[in-house]
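Q: If you scroll down you'll find the structure; I have some questions about it.
The values are calculated or read from the model by the stated rules, or taken from the named source; none is laboratory data. Since the model is a prediction, treat every value here as computed from it, not as a measurement. Here Cβ is always computed from backbone atoms with ideal geometry, including for glycine, and neighbour counts include all displayed protein chains.
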There are 2 protein chains.
Amino acid sequence: MNSGEFELIKKYFNHTKNTYNYSNYIELGIGDDCALLKIPKNQILAVSNDTFVADVHFLNNIKPSDLAYKALSVSLSDLAAMGADPTWVTLSITLPKLNDSWLFSFSKSLFKLLNYYNIELIGGDTTRGPLSLGFNVYGIIPKGCAIKRSGAKLNDLIYVTGNLGDSAAGLQLLQNNLKIKNAKSYRSLIKRHLRPVPRIEQGKALRSIASSAIDISDGLISDLGHILQHSSCGAYINLDNIPLSHDLTSNFEFNQILSWALSGGEDYELCFTIPEKNIHKLDTAFNDLDLPYTYIGRITHKSKGLVCFKNGKPLESYNKGFDHFK
Amino acid sequence: MNSGEFELIKKYFNHTKNTYNYSNYIELGIGDDCALLKIPKNQILAVSNDTFVADVHFLNNIKPSDLAYKALSVSLSDLAAMGADPTWVTLSITLPKLNDSWLFSFSKSLFKLLNYYNIELIGGDTTRGPLSLGFNVYGIIPKGCAIKRSGAKLNDLIYVTGNLGDSAAGLQLLQNNLKIKNAKSYRSLIKRHLRPVPRIEQGKALRSIASSAIDISDGLISDLGHILQHSSCGAYINLDNIPLSHDLTSNFEFNQILSWALSGGEDYELCFTIPEKNIHKLDTAFNDLDLPYTYIGRITHKSKGLVCFKNGKPLESYNKGFDHFK
């Protein structure tokens, strides 16, 4: 880190209070060559990194407060999908130039979310160049409790949290590819695109209940596909059960909605599987979490592939989601 | 991760052998939402992340093999400066397009270096956009043995490993700002710029010997300045003692060489301090490591600042190193 970077980081990113849940496990935070971390006894460390590039992962005109919120939420969503409790984060940010008001808004929004989840920023790297961000997120999970993609078993029930498709519709609205009259729905769908909620509490509640989980970043079909691939399974899903918001159903055609819900992506809801015997445990664990969760299908034998049913009849599979290199 | 990314990563980056020194501590590597890591008993985790942007941190025409080597070495250098043993790494790579031969050369060079240091690639993220890389490096250190910037004490001796200034000269040669006749020196200086060696073994040898350490990324003056700032000290350094390669001294003017050595940066040698009583321990620890190390000055009271002596007389301080935002 050079002196300019150092001052920049100090001004905007060195707000640590040392009163976060896991501050006591940080031997050294921002400012040295490395951060030094102790891992609580009987826990393992979950780590994930995500990069966000302007015009690829976000629209170039995004507000800095939305960018900070979304990029951090998306990064935390990976921890949620494993059942991890988020503890620390590092940020790499590449900026075309130093802009005080941009950094002020960005860091204010970032720390609001970090404080909400009780996560400490323990390091970072700032450089000049085309706008992009990278978050490395750290979380802890009791030994043996991590929820992997590979654990789904024959006849397990498939669920999703929340509603699907809102984010894809919100993106279309933001890009002016769509118009709707209902102003409340307009704001709500755009918010679902810009301010996804990482399902941290749901992920933690699923420890010892779910056999597998993933967060829906590329679309249900694509992400459930990863579970099936890692678990060597097939699945059927009942499209009549896919949870859809009133904002979607009251404003758009059903086929359009279904396409967003199945392959639009960026919902950051969890898709997970449970053995049938865990239904009551699931209901109990999710009872206080104030978010719908919906049974959408079942795990089948690998040879069956992924089959979508509608009105009791099989439908052709949907596209496999968004590919950043296509 | 989408399907295109997944295939890409599988083809070029999923070479893990599971026979690395710390493979047994990985509960889950590449391919899920997070990597899951166990930390060996009585060790703490050191983490660092570095971003490398084309035209800022490296010349756009750099060979992919050199880019992989340099970016990983520079990232590992942060672990070296803390005395950490490198264990795992994740890579975020942003590419303008998919190019098979580029990725082949890049990944071949990357894995050569990873294998040399016995480090496992445990995750990554590939995206489309302007060329940049980010490495997150992980290492372990026995509890209580990390070498921080903040530990230098009055009268401690200041040392550097290797020679200084070669990398800055190599950069000038690469940019055609300079010419020299000696072909061997030309190749050697360019190699010192493109292929820095992270001083991992030296860092580990300095545990319980050094009171502070830093790697020289921005230049001796700037980086020693960080030690002084974090340790609330001053220092004098004797410029006559600065270690310089024959490639520099036989081809360039002394003042030019000194400027490179003090503020050129990118040498990735270690600058460290030891209490005088540890001189013999240092000689013993470094005896087998086949790299020169040189006493260059002493820690003084904070009020003295940083003073450079030449021929026994104080000289004005040099510039504070390279600032990516200037």
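Q: Among the residues in region B:54-77, are any within 10 Å of another protein chain (Cβ to nearest Cβ), in contact with a Cys (Cβ under 8 Å, 6 or more places away or on another chain), closer than 29 Å to residue B:224 by Cα and not in a helix (DSSP H, G or I)?
A: Within region B:54-77, not a single residue is within 10 Å of another protein chain (Cβ to nearest Cβ), in contact with a Cys (Cβ under 8 Å, 6 or more places away or on another chain), closer than 29 Å to residue B:224 by Cα and not in a helix (DSSP H, G or I).
Q: Looking at region A:246-276 only, could you name the residues that are aromatic (Phe, Trp, Tyr) and either not assigned by the TED database to the domain that holds residue A:190 or not in a helix (DSSP H, G or I) (or both)?
A: Matches in region A:246-276: A:252, A:268, A:272.
Q: Counting just the residues of region A:29-42 that are more than 8 Å from chain B (Cβ to nearest Cβ) and surrounded by fewer than 20 Cβ atoms within 10 Å (Cβ to Cβ), which one comes out modelled with the lowest pLDDT?
A: Among residues in region A:29-42 that are more than 8 Å from chain B (Cβ to nearest Cβ) and surrounded by fewer than 20 Cβ atoms within 10 Å (Cβ to Cβ), the one modelled with the lowest pLDDT is A:29.
Q: Does at least one position in region B:163-180 carry a residue that is assigned to a strand (DSSP E or B), closer than 25 Å to residue B:60 by Cβ and more than 9 Å from chain A (Cβ to nearest Cβ)?
A: no
Q: Check residue A:44 against each of (1) assigned to a strand (DSSP E or B); (2) in contact with a Phe, Trp or Tyr (Cβ under 8 Å, 6 or more places away or on another chain) and name the one condition it does not meet.
A: (2)
Q: Given the criteria touching a residue at least 12 places away in the same chain (Cβ under 8 Å), crowded, with 22+ Cβ neighbours inside 10 Å and touching a Pro at 6+ places or on another chain (Cβ under 7 Å), does residue A:121 qualify?
A: The answer is no for residue A:121.
Q: Does residue A:108 count as surrounded by fewer than 22 Cβ atoms within 10 Å (Cβ to Cβ) and not in a loop (DSSP other than H, G, I, E, B)?
A: Considered against the rule, which asks whether it is surrounded by fewer than 22 Cβ atoms within 10 Å (Cβ to Cβ) and not in a loop (DSSP other than H, G, I, E, B), residue A:108 comes out as yes.
Q: Working only within region B:167-184, note down all residues that are among the small types (Gly, Ala, Ser) and surrounded by fewer than 21 Cβ atoms within 10 Å (Cβ to Cβ). Before you say what the answer is, go through the steps one by one.
A: So the first thing to find is which residues in region B:167-184 are among the small types (Gly, Ala, Ser), and the list is B:167-170, B:183.
Listed by number, the list holds a single entry, B:183.
Q: Right, next: Spot the failing condition for residue A:33; the list is (1) in a loop (DSSP other than H, G, I, E, B); (2) within 25 Å of residue A:267 (Cβ to Cβ); (3) among the acidic types (Asp, Glu), and only one is missed.
A: (2)
Q: How many residues, within region B:12-60, are in contact with a Leu (Cβ under 6 Å, 6 or more places away or on another chain), touching a residue at least 12 places away in the same chain (Cβ under 8 Å) and among the acidic types (Asp, Glu)?
A: 0
Q: Specify which of the listed residues (A:192, A:207) is out of contact with any Leu (no Cβ under 8 Å at 6 or more places or on another chain), buried (at least 24 other Cβ atoms within 10 Å of the Cβ) and not hydroxyl-bearing (Ser, Thr, Tyr).
A: Of the residues listed, the single one that is out of contact with any Leu (no Cβ under 8 Å at 6 or more places or on another chain), buried (at least 24 other Cβ atoms within 10 Å of the Cβ) and not hydroxyl-bearing (Ser, Thr, Tyr) is A:192.
Q: Quick check: anything in region A:235-250 closer than 29 Å to residue A:142 by Cβ, within 13 Å of chain B (Cβ to nearest Cβ) and surrounded by 22 or more Cβ atoms within 10 Å (Cβ to Cβ)?
A: For region A:235-250, residues closer than 29 Å to residue A:142 by Cβ, within 13 Å of chain B (Cβ to nearest Cβ) and surrounded by 22 or more Cβ atoms within 10 Å (Cβ to Cβ): absent.
Q: Also, I was wondering about something else. Condition check: outside the structural domain of residue A:196 (by the TED database), of a type in the set (Lys, Arg) and under 19 Å from the mean Cα position of the chain (by Cα). Does residue A:108 satisfy that? Even if it seems obvious, please write down each step before you answer.
A: Numbers: outside the structural domain of residue A:196 (by the TED database): yes; of a type in the set (Lys, Arg): yes; under 19 Å from the mean Cα position of the chain (by Cα): no.
In short, no.
Q: Give the residues of region B:1-28 that are away from every other protein chain (no Cβ under 11 Å) and either at pLDDT below 65 or in a loop (DSSP other than H, G, I, E, B) (or both), sorted by residue number.
A: The answer is B:14, B:15, B:16, B:17, B:18, B:19, B:20, B:21, B:22.
Q: In region A:105-132, which residues are more than 10 Å from chain B (Cβ to nearest Cβ) and under 25 Å from residue B:55 (Cβ atoms)?
A: Selection gives A:106 alone.
Q: Could you check residue B:147 against (1) more than 14 Å from every other protein chain (Cβ to nearest Cβ); (2) within 20 Å of the chain's Cα centre (by Cα) and say which number it fails?
A: The failed condition is (1).
Q: Residues to consider are B:102, B:88; find the one that is touching a strand residue (DSSP E or B) at 6+ places or on another chain (Cβ under 7 Å) and either in contact (Cβ under 8 Å) with a residue 24 or more places away in the chain or within 12 Å of chain A (Cβ to nearest Cβ) (or both).
A: Only one candidate qualifies: B:88.
Q: Which ones in region B:214-224 are within 8 Å of chain A (Cβ to nearest Cβ) and either over 12 Å from residue B:268 (Cβ atoms) or over 15 Å from the mean Cα position of the chain (by Cα) (or both)?
A: Listed by number, the list holds a single entry, B:222.
Q: Which one of these is at negative phi and part of a helix (DSSP H, G or I): A:154, A:114, A:121, A:133?
A: Within the list A:154, A:114, A:121, A:133, the selection yields A:114.
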